[in-house]
Amino acid sequence: MIPDIRKPYGDKIIRKLSDIKSLFADQKAVEEILAKDDPVIYEVYALPVPSDGDNLVIGTTILFPGRVGNEFYFTKGHFHNDPDAAESIMGLEGKGLALIQDRNGKFESHELTPFSHVYSPPGFGHRVVNVSDENLVFLSICRADVGHDYETIMADNFAMKVVATDKNLYNYEII
Ligand code: PAN
Ligand code: ZN
């Protein structure tokens, strides 16, 4: 049987709002949501491989739709510890944005839609944002030995925020 990369497999990571709450701009909205619930923001499924530089990690992320205040759900985001390690990000389902930025303040945003591809070059960190009312599913491929630096993002956050411009419609702007 041919494996379907849109279907979850292997190692699983679940990130809830409480795991990334400090990254959202509207802390009042965070507390209001957490008083009732701790929603899952995204899940990552990866093919288990040895963590050496000869192997590739192939991960499927399912980023659920939703907002905290007017800010759309996003992945935590990270740099790779190895500054030479790039990443390939491919849209499978839904609509979103891939935000990439380097450690010198250069940043870009790219649309992520089914069959589109975003390249996060060496030295660039990456975060994905769901700007739709459906699941955003994407595939990420990078070397298995890159190492993940989440600390820098937890301390400084990303340069771009993606917010809704309308209460009901999923129109967005990047600020
Ligand atoms: C991706 C990410 C995945 C979840 O597989 O790990 O989308 O995002 P966070 O790792 O920022 O929580 C990847 O970039 N791997 O290197
Ligand atoms: Zn990565």
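When each of the peptides 52-61, 87-96 is scored by the mean number of other C-beta atoms lying within 10 Å of its residues, the order from highest to lowest reads 87-96, 52-61.
Here the stretch 11-174 is treated with +1 on each Lys and Arg Cβ and -1 on each Asp and Glu Cβ, and its dipole about the Cα centre works out to around 340 debye. A Förster radius of 30 Å, combined with the Cβ-Cβ distance separating T165 from I141, puts the computed FRET efficiency at roughly 0.35. With the simple model of a label 7 Å out from the Cα in the direction of the Cβ, L56 to S88 spans 0.4 nm.
The calculated FRET efficiency for the pair S22 and E108, based on their C-beta separation and a Förster distance of 22 Å, comes to about 0.35. Solvent-accessible surface of the stretch 37-175, taken per residue with a 1.4 Å probe and all protein chains present: 45 Å².
Solvent exposure of D4, expressed as accessible area, is near 50 Å², computed with a probe of 1.4 Å over the protein chains only.
Compared with the alpha-carbon gap, the fully stretched path from H117 to I175 is longer by 18.6 nm at 0.36 nm per residue. Dipole orientation for the chain: of the candidates A29, Y119, I14, A29 has the Cα lying most toward the positive pole (charges on Cβ; Lys, Arg +1; Asp, Glu -1). Residue separation of A35 and R15 scaled by 0.36 nm, minus their Cα-Cα distance, works out to 5.5 nm of gained length. Using the Cβ-Cβ distance between F64 and M154 with R0 = 30 Å, the FRET efficiency computed as 1/(1 + (r/R0)^6) comes to roughly 0.90.
Counting only Cβ charges, +1 for Lys and Arg and -1 for Asp and Glu, the dipole size of the stretch 76-140 around its Cα centre is about 180 debye.
The number of Lys pairs in the stretch 1-50 with C-alpha atoms less than 24 Å apart, excluding pairs fewer than 8 positions apart on the same chain, is 6.
Rounded to the nearest 10 degrees, the inclination of helix 27-36 to the longest alpha-carbon principal axis of the chain is 90 degrees. For chymotrypsin sites (Phe, Trp or Tyr not before Pro), the sites in the stretch 107-157 that DSSP calls loop and that have at most 14 other Cβ atoms within 10 Å are F115, Y150. Derived scalar couplings between HN and Hα for the stretch 47-59 equal 6, x, 9, x, 8, 10, x, 7, 9, 10, 8, 10, x Hz in order, rounded to whole Hz, by the Karplus curve 6.51 cos²θ - 1.76 cosθ + 1.60 (θ = phi - 60°), x for Gly and Pro.
The C-alpha atoms of the stretch 1-155 occupy a region whose extents along the principal axes are 45, 43, 26 Å, arranged from largest to smallest.
The values are calculated or read from the model by the stated rules, or taken from the named source; none is laboratory data. Predicted model, so just to flag it, every value in this text is computed and none were measured. For neighbour counting, all protein chains shown are included, and Cβ atoms are generated from backbone atoms with ideal geometry for every residue, glycine included. What goes into the accessible areas is simple: the full protein's heavy atoms, side chains included, and nothing from ligands, DNA or RNA. Shrake-Rupley method; radii C 1.70, N 1.55, O 1.52, S 1.80 Å.
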